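Down below is the structure, laid out as structure tokens.
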Amino acid sequence: MIVLFTDFGLAGPYTGQMKAVLHERAPQAEAIDLFADAPAGNPRAAAYLLAAYAAWFPPGTIFLCVVDPGVGGTRAPLAIEADGRWYVGPENGLFELVLRRAQTAQCHEISWRSQNLSASFHGRDLFAPVAAMLAQGERPAMLARAARRFPDWPDDLAEIVYIDHYGNALTGLRAGAVAPAASLVIPNKMRVAHAATFSAVPEGSAFWYENSNGLVEIAVNRGRAADALGLAIGSRLSIAT
Amino acid sequence: MIVLFTDFGLAGPYTGQMKAVLHERAPQAEAIDLFADAPAGNPRAAAYLLAAYAAWFPPGTIFLCVVDPGVGGTRAPLAIEADGRWYVGPENGLFELVLRRAQTAQCHEISWRSQNLSASFHGRDLFAPVAAMLAQGERPAMLARAARRFPDWPDDLAEIVYIDHYGNALTGLRAGAVAPAASLVIPNKMRVAHAATFSAVPEGSAFWYENSNGLVEIAVNRGRAADALGLAIGSRLSIAT
Amino acid sequence: MIVLFTDFGLAGPYTGQMKAVLHERAPQAEAIDLFADAPAGNPRAAAYLLAAYAAWFPPGTIFLCVVDPGVGGTRAPLAIEADGRWYVGPENGLFELVLRRAQTAQCHEISWRSQNLSASFHGRDLFAPVAAMLAQGERPAMLARAARRFPDWPDDLAEIVYIDHYGNALTGLRAGAVAPAASLVIPNKMRVAHAATFSAVPEGSAFWYENSNGLVEIAVNRGRAADALGLAIGSRLSIAT
């Protein structure tokens, strides 16, 4: 299983061209779209999202990760094996939280190159072929080395990292980092208290809960939390106990 | 073939996680996205859409249906076999029109539970595994019983139930319920007459026609009917003969 | 591999129903979404996009192409073999640039018809079955004849033909048609100069570059070019040397 985590959007040709490469090179592998709308050009927010969602997938899964605002510049291409899963993508912090939380991790700089490497679409021309080779049990040319690390990034990020289709606002906080009795203070100073589920609060009420992937998420029962509360990717939160 | 009918949106992780479950448990089954943008949180409108589109698929198809505003509450999970097709999803009316129109139907309450059942994502943790088991020819633990019915819902719904990518407005009316000579009166009092196809009316003109799945649909030739006529999901129609 | 090139949008039932047909008739073929958001109802702009992107795919690929504002009218259904690839879709100019650039091409009018041909969804009822039959190595009933041609359309189109997810504006110009020293003059009279990559210009600066499929594309480093420069599909450009 090759899982796609990108900021390409589902529209447009980018995901399709990557899948064509995966199909050509690893026809038996199943390509699964996890996020095509990861925080655009924002590897820091994306790193918290990726670490939380990747943990749900079984060992052996290969994550093809392209949130890559520096494409065409000097950032290196990486392939990281962490807790039995592979992560392929740019060295820009996208894998920082995966690395920090892994029991075992080995980082490699990819030295393999396609004969047709475009300057602007390494997802198609570099990362997808490498993910496909790994899925086939092949090992493309790569060199083990330490990854560039981002020590200033917190273990849990008290910011909104994703707004979903329902308007729910996902944070970079794991539920274990916030006591159930604590409230989240959002930028407009409002305090949002905890509830176990949507149906535990009246319609129209805001609450936070542990979502199905272990992240703290701010929601409104039968409403759109992001719109109602003025939340966007990057909105900062504080925890009030 | 497992057909997905949800209000998850195509973006975000929800459809991808469901497909990962389907792939793990039923690797030979093909997962097809039918609607990822069924009427959000609106099982009544969705029920008319589902019944109209499901009828097009061959017997043996399994429909994985998640329009589930009551997730985490007390509504039961169902697996219904109707006219040779399976429908898996919440007991909230979503299957009312399928049941009403079926020649033969058998309803089951699903008693199978995952060891990792989240409170908020039964699509991934309950309905997808059950759909996959059915696709594998397995029968998860379930108990035959009568479904909760919604007798007040009409056989054909004179409301808009879906706005498509082109701005066409689909109704919950089957074409057989409206005489070709009849007009539809929309909320702004305008009367919309019948035409056979788009090219049968001048550019910019509104008309209704029988769409390719047998529903009455309001369209504007080379225009966006919903925008031009002020139609949205829930807009009520009357039939003028 | 069957590649989908449509203006259906990813939402809604249209792509899913086509994929169900492909899966039923050609279960071994892989269906890849290339564009579901090709220029809506605009075969001329779409023709330049299709020709540029199709060239990237290997011979043997089958393109299922539905940008078909005249569906239900008199335009013929075509199946074209060009340079070892098949193109299935309506005769409305969508294949003009593929034909013009092909070394070898053979056009066929499709005479095969489904017993259940709807008036409004030939993608599902006619073009998808034909694409699936070709993928299976079958030859549906079709008659070789010359295609209707569009001689007034230029070899390279100095217009915007697509706005992508990042707000980048793709033109119908191949990079070989514009000297690197030339600028593009956009409708607001601004001149946009060439750069090799995003990182070659300061953040917020506009430039044009050869994109990963050989088209001239207008972009803003870490910005949304279409919004910043007021570009939309159909915006005309001139080349200033």
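Grab the strands (runs of 3 or more DSSP E) fully contained in the stretch A:116-204, keeping just those with 1 or more residues being more than 13 Å from chain B (Cβ to nearest Cβ) and in contact with a Gly (Cβ under 8 Å, 6 or more places away or on another chain).
In the stretch A:116-204, A:157-163, A:169-174 are the strands (runs of 3 or more DSSP E) which contain 1 or more residues that are more than 13 Å from chain B (Cβ to nearest Cβ) and in contact with a Gly (Cβ under 8 Å, 6 or more places away or on another chain).
When only residues in the stretch A:9-39 that are within 11 Å of chain C (Cβ to nearest Cβ) and under 11 Å from the mean Cα position of the chain (by Cα) count, which is farthest from A:ILE163 (Cα to Cα)?
So the residue we want is A:ALA36.
Could you list, in sequence order, the residues of the stretch C:87-122 that are within 16 Å of the chain's Cα centre (by Cα) and under 28 Å from B:ASN213 (Cβ atoms)?
Passing the criteria: C:TYR87, C:VAL88, C:GLY89, C:PRO90, C:GLU91, C:ASN92, C:LEU94.
Could you list all residues from the stretch A:2-52 that are out of contact with any strand residue (DSSP E or B) (no Cβ under 6 Å at 6 or more places or on another chain) and under 16 Å from A:ARG85 (Cα atoms)?
A:GLU30, A:ALA47, A:ALA51 - these are the residues of the stretch A:2-52 that are out of contact with any strand residue (DSSP E or B) (no Cβ under 6 Å at 6 or more places or on another chain) and under 16 Å from A:ARG85 (Cα atoms).
Being within 14 Å of chain A (Cβ to nearest Cβ), touching a Ser or Thr at 6+ places or on another chain (Cβ under 7 Å) and not β-branched (Val, Ile, Thr) is the filter here; which residues of the stretch C:218-241 pass it?
Hit for the stretch C:218-241 is C:ASN221, nothing else.
Going residue by residue through the stretch C:135-153, is there one that turns out to be within 17 Å of C:GLU217 (Cβ to Cβ) and among the acidic types (Asp, Glu)?
No.
Could you tell me whether B:THR6 is within 12 Å of chain A (Cβ to nearest Cβ) and under 10 Å from the mean Cα position of the chain (by Cα)?
Against the criterion (within 12 Å of chain A (Cβ to nearest Cβ) and under 10 Å from the mean Cα position of the chain (by Cα)), B:THR6 qualifies.
State all residues of the stretch C:82-118 that are basic (Lys, Arg) and more than 30 Å from B:GLU217 (Cα to Cα); if no residue qualifies, say none.
C:ARG85, C:ARG100, C:ARG101
State which residue pairs qualify: first residue touching a residue at least 24 places away in the same chain (Cβ under 8 Å) and inside the stretch B:194-223, second residue among the basic types (Lys, Arg) in any location, beta carbons under 6 Å apart, and separation of 6 or more residues or different chains.
B:GLY214/B:ARG174
Filter the stretch B:173-198 for residues that are buried (at least 19 other Cβ atoms within 10 Å of the Cβ) and modelled with pLDDT under 95 and give the result.
B:PHE198
Taking only the stretch A:7-37 into account, find how many residues are at pLDDT below 95 and not in a loop (DSSP other than H, G, I, E, B).
Within the stretch A:7-37, residues that are at pLDDT below 95 and not in a loop (DSSP other than H, G, I, E, B) number 0.
If I filter the stretch B:134-151 for residues that are buried (at least 21 other Cβ atoms within 10 Å of the Cβ), touching a Pro at 6+ places or on another chain (Cβ under 9 Å) and of a type in the set (A, V, I, L, M, F, W, C), do I get at least one hit?
Taking every residue of the stretch B:134-151 in turn, at least one turns out to be buried (at least 21 other Cβ atoms within 10 Å of the Cβ), touching a Pro at 6+ places or on another chain (Cβ under 9 Å) and of a type in the set (A, V, I, L, M, F, W, C).
Every residue in the stretch A:211-241 that is assigned to a loop (DSSP other than H, G, I, E, B) and under 19 Å from A:LEU50 (Cβ atoms), please.
A:ASN211, A:SER212, A:ASN213, A:GLY214, A:ILE233, A:GLY234, listed by residue number.
Select, from A:ALA47, A:ALA102, the only residue that is surrounded by fewer than 23 Cβ atoms within 10 Å (Cβ to Cβ) and either modelled with pLDDT of 95 or more or more than 11 Å from chain C (Cβ to nearest Cβ) (or both).
Result: A:ALA102 is the single residue among A:ALA47, A:ALA102 that is surrounded by fewer than 23 Cβ atoms within 10 Å (Cβ to Cβ) and either modelled with pLDDT of 95 or more or more than 11 Å from chain C (Cβ to nearest Cβ) (or both).
When the residues of the stretch B:71-99 are filtered to those that are within 14 Å of chain A (Cβ to nearest Cβ) and in contact (Cβ under 8 Å) with a residue 24 or more places away in the chain, which remaining residue is nearest to C:MET18 (Cα to Cα)?
B:PRO90
In the stretch C:50-70, which residues are surrounded by 23 or more Cβ atoms within 10 Å (Cβ to Cβ) and within 14 Å of chain B (Cβ to nearest Cβ)?
If the condition is that a residue be surrounded by 23 or more Cβ atoms within 10 Å (Cβ to Cβ) and within 14 Å of chain B (Cβ to nearest Cβ), then C:VAL66, C:VAL67, C:ASP68 are the ones that fit.
Within the stretch C:160-172, is even one residue among the polar types (S, T, N, Q), at pLDDT 95 or above and more than 21 Å from C:ARG25 (Cβ to Cβ)?
yes
Hey, A:CYS107 hits all of (1) more than 20 Å from A:THR6 (Cβ to Cβ); (2) assigned to a loop (DSSP other than H, G, I, E, B); (3) not acidic (Asp, Glu) but one; which does it fall short on?
Here A:CYS107 meets the rest and fails (2).
Restricting to the stretch A:213-231, what's the tally of residues that are in contact with a helix residue (DSSP H, G or I) (Cβ under 9 Å, 6 or more places away or on another chain), under 15 Å from A:TYR162 (Cβ atoms) and among the aliphatic types (A, V, I, L, M)?
Matching residues across the stretch A:213-231 total 5.
Say whether the condition of being more than 27 Å from B:LEU126 (Cα to Cα) and exposed (fewer than 15 other Cβ atoms within 10 Å of the Cβ) is met by at least one residue in the stretch A:207-226.
No, there is no match, as no residue in the stretch A:207-226 is more than 27 Å from B:LEU126 (Cα to Cα) and exposed (fewer than 15 other Cβ atoms within 10 Å of the Cβ).
Just one of (1) part of a strand (DSSP E or B); (2) more than 28 Å from C:THR74 (Cα to Cα); (3) out of contact with any Gly (no Cβ under 6 Å at 6 or more places or on another chain) trips up B:TRP208, so point out which.
Unmet for B:TRP208, out of (1) part of a strand (DSSP E or B); (2) more than 28 Å from C:THR74 (Cα to Cα); (3) out of contact with any Gly (no Cβ under 6 Å at 6 or more places or on another chain): (2).
Taking C:MET1 as meeting all but one of (1) within 22 Å of B:ALA31 (Cα to Cα); (2) buried (at least 23 other Cβ atoms within 10 Å of the Cβ); (3) touching a residue at least 60 places away in the same chain (Cβ under 8 Å); (4) of a type outside the set (Lys, Arg), write down the number of the exception.
The number of the failed condition is (2).
The values are calculated or read from the model by the stated rules, or taken from the named source; none is laboratory data. This structure is a prediction, so every number in the text was calculated from the model and none was measured. So basically every Cβ, Gly included, is an ideal-geometry build from the backbone, and we count neighbours across all protein chains shown.
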